[in-house]
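Engineer: Have a look at this one before I ask anything.
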Amino acid sequence: LEKEGESLGFIMDHFQFMIQLKLVPSLCPYCIEPQRPHPDDLKRLGLKPETLRKPNFYISQGCEYCSEKGFTDYTLVYELLFLTPPVLRILQENPLGNETAQHLLKTGSLVSINQVAREKLYRGRISLQTYVQVLQKKI
């Protein structure tokens with residue numbers, strides 16, 4: 001690509017690396033129902049109700065389509081690193097430790113697995129219980 005006139009910076013802006021990925025059960029779209037958990041139930045799961053922007057989540061009881069399992073397939077939750085020249089410089093200067101990761105999160109160069117799981121929770125792709133398992137690293 002460099003021979004065709006593309007700069008190294010342009011090429012680097014298009015690199016994305018999945019650092020961590022997990023397959024988690026995806027809710028069945030045919031038997032999905034909204035669920036409004038009580039704040040005490042959220043606390044029992046280890047979540048702070050005030051940090052969740054959406055009061056309703058989804059649950060699936062099971063149907064003929066999903067063979068009464070409540071899920072039909074799996075969805076991917078992942079940690080994604082956008083590799084740009086500044087990020088590459090940061091990684092060359094410092095190993096990827098907690099402080100470096102926090103800096104990359106603030107700049108938007110690193111998308112954490114928790115962020116991806118939360119978005120899938122809000123879109124009704126995964127259940128609240130699956131989200132908690134991802135947060136607690138049980139999946």
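Engineer: Can you tell me, using C-alpha contacts under 8 Å and at least 6 residues apart, the relative contact order of the stretch 72-139 as a whole percent?
Structural biologist: 33 percent
Engineer: In Å, the Kirkwood hydrodynamic radius of the stretch 82-139 over pairs of distinct alpha carbons? Write down the numbers at each step before the final one.
Structural biologist: On the way: mean 1/r = 0.0781 Å⁻¹.
Result for the stretch 82-139, one decimal place: 12.8 Å.
Engineer: Of 69/138; 43/69; 106/138, which sit over 23 Å apart, Cα to Cα?
Structural biologist: On the way: 69/138 20 Å; 43/69 26 Å; 106/138 26 Å.
Long pairs (Cα-Cα over 23 Å): 43/69; 106/138.
Engineer: Per residue and in cubic angstrom, what volume does the convex hull of the Cα atoms of the stretch 42-139 have? Working shown, then result.
Structural biologist: Numbers: hull volume 12.6 nm³, N = 98.
Given the Cα convex hull of the stretch 42-139, per-residue volume reads 128 Å³.
Engineer: How large is the convex hull of the Cα atoms of the stretch 25-84 per residue, expressed in Å³ as a whole number? Write out the running numbers ahead of the final one.
Structural biologist: Numbers: hull volume 7.9 nm³, N = 60.
Here the figure is 131 Å³ per residue.
Here, each number is a calculation from the coordinates, and none is a lab measurement. Only a predicted model underlies this, so the values are computations on that prediction, with no experimental measurement involved.
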